[in-house]
1. Out of L60, L42, I need the residue that is surrounded by 18 or more Cβ atoms within 10 Å (Cβ to Cβ) and farther than 25 Å from C143 by Cβ. Which one?
2. D40 versus (1) in contact (Cβ under 8 Å) with a residue 12 or more places away in the chain; (2) part of a strand (DSSP E or B): which is the lone unmet condition?
3. Among the candidates D82, D108, D8, single out the residue that is exposed (fewer than 13 other Cβ atoms within 10 Å of the Cβ) and either touching a Leu at 6+ places or on another chain (Cβ under 8 Å) or part of a helix (DSSP H, G or I) (or both).
4. Would you mind finding the one in L66, L42, L9, L27 that is within 24 Å of S172 (Cβ to Cβ), in contact with a Cys (Cβ under 7 Å, 6 or more places away or on another chain) and not assigned by TED's automatic domain parsing to the domain that holds L177?
5. Any residue that is closer than 21 Å to Q26 by Cβ, basic (K, R) and in contact (Cβ under 8 Å) with a residue 40 or more places away in the chain - is there at least one of those in the stretch 91-100?
6. Could you grab me the full set of residues in the stretch 128-161 that are outside any strand (DSSP E or B), closer than 17 Å to R180 by Cβ and in contact (Cβ under 8 Å) with a residue 60 or more places away in the chain?
7. Could you run through the stretch 11-37 and say how many residues are within 18 Å of M113 (Cβ to Cβ) and assigned to a strand (DSSP E or B)?
8. For the stretch 178-188, what are the residues that are on the phi < 0 side of the Ramachandran plot and surrounded by fewer than 23 Cβ atoms within 10 Å (Cβ to Cβ)?
Amino acid sequence: MPEFSIVDLKKEDFSVSSWSGGTTTQLAIEPENAEYKDRDFLWRVSSATVDLEESVFTPLPDYERLIMTLEGEMELSHNGGDMLRLPKLKPHSFDGADKTVSRGKVIDFNLMMRKGQCEGILRLLPETGNMTAMSLTEGILYCFKGSLSVFAEGAGEKSLSEGNALKFTGLSPEVRLSWRTQPDTIAVFAGIINNNTGGKNNGK
């Protein structure tokens, strides 16, 4: 397991691309040299805008997905089913193979995970708090609005401003994170459990 570390991810370095319903800002991808378009990545964390009242999600049959709305309200329908309302800042999981249609203009936060090779969580950070990494191996903390301070034993304190992120590697049950946000801050965390022990991703 790699040694625990925290890396600053700056918004000016994020990759921005277009999809059928808006734009996507890629915050992090694993492996770091992977290309989203090749569909051979292990996991990917991004924030997307949905600029159309109704749009169709890009099919990703080899991936499980978690999504959370950061701004605005969205409804989703999977495989022709009823529309499901997604409350703001509440995570929703679905299969990337589903034919997924959305309604509503929003900004969202996404975690995509290769089936059978990794799992994950999304959570909104409360104003103050702490957490242990438990079985998580990696994580991305994104400050959508406002600012916050993050402290980890052995790694010191980090300040995180609006639009930027932190990447945690080498997480283990011994790692304890704590934070304090400024008023009206929206900060979200994507945690990953990497089950991929075979080295190179063996995707299709």
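The values are calculated or read from the model by the stated rules, or taken from the named source; none is laboratory data. Keep in mind that what you see is a predicted model, and the values were worked out from it rather than measured. Note that each Cβ is placed from the backbone with ideal geometry, even for glycine, and that neighbours are counted across all protein chains shown.
1. Numbers: L42 fails: farther than 25 Å from C143 by Cβ.
Only one candidate passes the filter, namely L60.
2. In the conditions (1) in contact (Cβ under 8 Å) with a residue 12 or more places away in the chain; (2) part of a strand (DSSP E or B), D40 misses (2) alone.
3. Details: D82 fails: either touching a Leu at 6+ places or on another chain (Cβ under 8 Å) or part of a helix (DSSP H, G or I) (or both); D108 fails: exposed (fewer than 13 other Cβ atoms within 10 Å of the Cβ).
Result: D8 is the single residue among D82, D108, D8 that is exposed (fewer than 13 other Cβ atoms within 10 Å of the Cβ) and either touching a Leu at 6+ places or on another chain (Cβ under 8 Å) or part of a helix (DSSP H, G or I) (or both).
4. Working: L66 fails: in contact with a Cys (Cβ under 7 Å, 6 or more places away or on another chain); L9 fails: in contact with a Cys (Cβ under 7 Å, 6 or more places away or on another chain); L27 fails: in contact with a Cys (Cβ under 7 Å, 6 or more places away or on another chain).
Result of the check over L66, L42, L9, L27: L42.
5. Scanning the stretch 91-100, I find no residue that is closer than 21 Å to Q26 by Cβ, basic (K, R) and in contact (Cβ under 8 Å) with a residue 40 or more places away in the chain, so the answer is no.
6. Taking the stretch 128-161 as the starting set, the residues that turn out to be outside any strand (DSSP E or B) are 133-137, 146, 153-155.
Retained after the next criterion (residues that are closer than 17 Å to R180 by Cβ): 146, 153, 155.
Residue satisfying the conditions is A155 alone.
7. Number satisfying all stated conditions: 6.
8. Residues of the stretch 178-188 that are on the phi < 0 side of the Ramachandran plot, as a first pass: 178-183, 185-188.
Hits for the stretch 178-188 are S178, R180, T181, Q182, P183, T185, I186, V188.
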